[in-house]
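J.: Below is one structure. I have some questions about it.
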Amino acid sequence: MKLKNIALFIDSKITELHRNRSNFCLKHKMTKQSFNSLINNLIYENKGAKFSTIEEILNKLGYELVIQKIKK
């Protein structure tokens, strides 16, 4: 899965659960400027991010990353 797809998933879940990024950041004590920069860089500029950062955001949304062998 591409990092862009993970960022799009995160963004959609934030909208679904918190209505917008600002509410998510307020609830989880994050700066909205840095969070917006992170998500926008992942989606629009194909830049990378630390695994721990992505994992932390997913955990706050109630999700986790799982690595599985592809079944053929």
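The values are calculated or read from the model by the stated rules, or taken from the named source; none is laboratory data. From a predicted model like this one, the values you see are computed outputs, not experimental measurements. For neighbour counting, all protein chains shown are included, and Cβ atoms are generated from backbone atoms with ideal geometry for every residue, glycine included. Surface accessibility is based on the protein's heavy atoms, side chains included, excluding ligands, DNA and RNA. Shrake-Rupley method; radii C 1.70, N 1.55, O 1.52, S 1.80 Å.
J.: For each pair in 13/69; 27/69; 27/71; 29/69; 29/71; 50/72, compute the distance between the two Cα atoms and list the pairs where it is over 28 Å.
T.: 27/69; 27/71; 29/69; 29/71; 50/72
J.: Something else about it: Compute the long axis of helix 51-61 from its Cα atoms, compare it with the longest principal axis of the Cα atoms of the chain, and write down the angle in degrees, 0 to 90, nearest 10.
T.: Roughly 70 degrees between the two axes.
J.: Could you rank 31, 53 by how accessible they are, 1.4 Å probe, largest area first?
T.: I get 31, 53, largest accessible area first.
J.: About its Cα centre, what dipole magnitude does the chain give when the only charges are +1 on Lys and Arg Cβ and -1 on Asp and Glu Cβ, stated in debye to the nearest 20?
T.: 140
J.: Additional query: Any chance you could give the angle, 0 to 90 degrees and rounded to 10, that helix 3-18 forms with the longest Cα principal axis of the chain?
T.: Roughly 50 degrees between the two axes.
J.: Relative contact order of the chain, please, whole-number percent, based on alpha carbon pairs below 8 angstrom and at least 6 residues apart.
T.: Details: 39 pairs, mean separation 21.8, N = 72.
Worked out over the chain, it gives 30 percent.
J.: Give the average over all directions of the projected area of the C-alpha convex hull of the chain, one decimal, in nm².
T.: Convex hull of Cα atoms, orientation-averaged projection: 5.3 nm².
J.: Work out how much length residue 56 to residue 12 would gain on full extension: take 0.36 nm times their residue separation and subtract the Cα-Cα distance, in nm to one decimal.
T.: The residue 56-residue 12 span can extend by a further 14.2 nm.
J.: Which residue, chosen from 49, 28, 3, occupies the Cα position most advanced towards the positive end of the dipole of the chain, where the dipole is computed from +1 (Lys, Arg) and -1 (Asp, Glu) charges on Cβ about the Cα centre?
T.: 3
J.: Can you compute the helix-only [θ] at 222 nm over the chain? Use -39500 (n - 2.57) per DSSP H run of at least 4 residues, normalise by all residues, nearest 500 deg cm²/dmol. Walk me through the numbers before you get to the answer.
T.: Numbers: 4 runs with 47 residues, N = 72.
It lands at -20000 deg cm²/dmol.
J.: Calculate what fraction, in whole %, of the accessible area of the chain sits on carbon and sulfur atoms when a 1.4 Å probe is rolled over the protein chains.
T.: 52
J.: Kindly report the accessible area of the chain per residue (heavy atoms of protein chains, probe 1.4 Å, no ligands, DNA or RNA), in Å².
T.: Values: 5630 Å² over 72 residues.
Ligands and nucleic acids excluded, the figure is 78 Å² per residue.
J.: Further question on the same structure: Please check: in the Gaussian network model of the chain (C-alpha springs, under 10 Å), which one of 61, 26, 42 has the largest mean-square fluctuation.
T.: 26
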